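Any read-out appearing in this document is the output of simple, stated calculations on the displayed coordinates, not a laboratory observation. None of these values were measured; they are calculated from a predicted model. FYI the Cβ positions are ideal-geometry reconstructions off the backbone, even for glycines, and counts take in every protein chain you see.
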């Protein structure tokens, strides 16, 4: 988000009317917050315009409508997660190390794009955009499941739990961040990624020496 | 749920009108399913009556209204979870063993009362019933956090992660079941509880021998 010297969003549209304008990033943040609070179905463009203090046509200057706003918002989450997944797939070495890279990177994306990932994880599939987002989520889940199965075949993951369940539990833990992580808490993203990786890979129990 | 010989819910009310009736349990299941699908705010008593194929007054025979239905539904979840928590607190021994009992028991409650726990975990706090449910959830979270801190003090839980985060991650993993567990899958509740306990306490990694 670009901000003017006074710390308010820099005006990019609507200046002729003497009202504060929004760039796409800050427009998207407000829209995503509203979708999160009232649900996508429960949010109207009228309400969004009111919340922003601009006209609907000022919003249409940036996007074609509500569905595009949702698409852009969930894409912020998906782009982050798939960038990590692509990075992971280019790594050499054992599957368990790739999986650790994927978990660590995903925690960073979740903590840095918390609102967008929260929207993504709550998508229900009523619209084309939502169904496309669900398909991408399934693709990501398959990448995780494949790495877990491969790591188990390489002898690095406990063989006494069904790898499909291991994969679900692993990302169940990662995704739980959206329920409780407060970005302004004392825990920074890197420390959080460390904590999740330790607990997920080696458990909460202190090994007996 | 009691069922008549024909497998349909046994009529307990509304018989005079010659319509199928519902006992409280089956009424609650339909209401909870509707709250889950459309959201509590988005569900009306008219809609519920239509879905059940009975009159609103037949519903009011059982409950005082929508808010009582929600209270009864989330209480099914809370009663189950607090029964396990009470059991746990009566156990002797080390905190880590109590915590394992709590995790195992919670997984059983989640898998057996999945719809009700899902509603409980999605409560937002707009009504008195929802705020009361949130307060009970916090109470449960405190029990978990206390056990984790005690187990860490007893040297049984890894000291290199903030115990508050360990507690969040532990029940983040447990609660993730509502997102992916299918009761009709091949995994029964006990096997699931085993899997969660293994992964949470000892991690997904196969220890090097």
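Okay, here's what the table says:
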{"quantity": "For region A:101-209: relative contact order, % (alpha-carbon pairs under 8 angstrom, 6 or more apart)", "calculated": "42 percent"}
{"quantity": "Square roots of 5 times each gyration tensor eigenvalue, C-alpha, region A:22-96, largest first, Å", "calculated": "33, 12, 9"}
{"quantity": "Convex hull of Cα atoms in region A:138-209, direction-averaged projection (nm²)", "calculated": "6.4 nm²"}
{"quantity": "Taking all pairs of distinct alpha-carbon atoms in region A:15-63, Kirkwood radius in angstrom", "calculated": "11.0 Å"}
{"quantity": "Scattering profile of region B:50-133 at q = 0.25, 0.26 Å⁻¹ [log10 I(q)/I(0), Debye over alpha-carbon scatterers]", "calculated": "-1.13, -1.16"}
{"quantity": "Across the identical copies, how the residue B:45 labels are spaced - nm, sorted shortest first, 7 Å along Cα→Cβ", "calculated": "3.8"}
{"quantity": "Principal-axis tilt of helix B:66-90 within chain B, Cα atoms, nearest 10 degrees", "calculated": "30 degrees"}
{"quantity": "Acute angle (nearest 10 degrees) that the helix B:163-175 long axis makes with the longest principal axis of chain B, alpha-carbon atoms", "calculated": "40 degrees"}
{"quantity": "Partner chain coverage, peptide B:188-198 - average Cβ within 10 angstrom", "calculated": "3"}
{"quantity": "Distance histogram in 5 Å bins (all Cα pairs of chain B, percent per bin)", "calculated": "1, 7, 13, 16, 16, 14, 11, 8, 6, 4, 2, 1, 0, 0, 0"}
{"quantity": "For the protein assembly as shown, radius of gyration divided by Kirkwood radius, i.e. Rg to Rh on alpha-carbons", "calculated": "1.01"}
{"quantity": "0 to 90° range, to nearest 10: angle between helix B:24-38 axis and chain B longest Cα axis", "calculated": "70 degrees"}
{"quantity": "Cβ-based exposure ranking for B:63, A:109, in which fewest neighbours within 10 Å come first", "calculated": "B:63, A:109"}
{"quantity": "CD proxy at 222 nm, helix term only [per DSSP H run n ≥ 4: -39500 (n - 2.57); per residue of chain A; nearest 500]", "calculated": "-21000 deg cm²/dmol"}
{"quantity": "Region B:97-182 - convex hull of alpha carbons, volume per residue in Å³", "calculated": "94 Å³"}
{"quantity": "Relative contact order %, chain A, counting alpha carbon pairs below 8 Å whose residues are six or more apart", "calculated": "18 percent"}
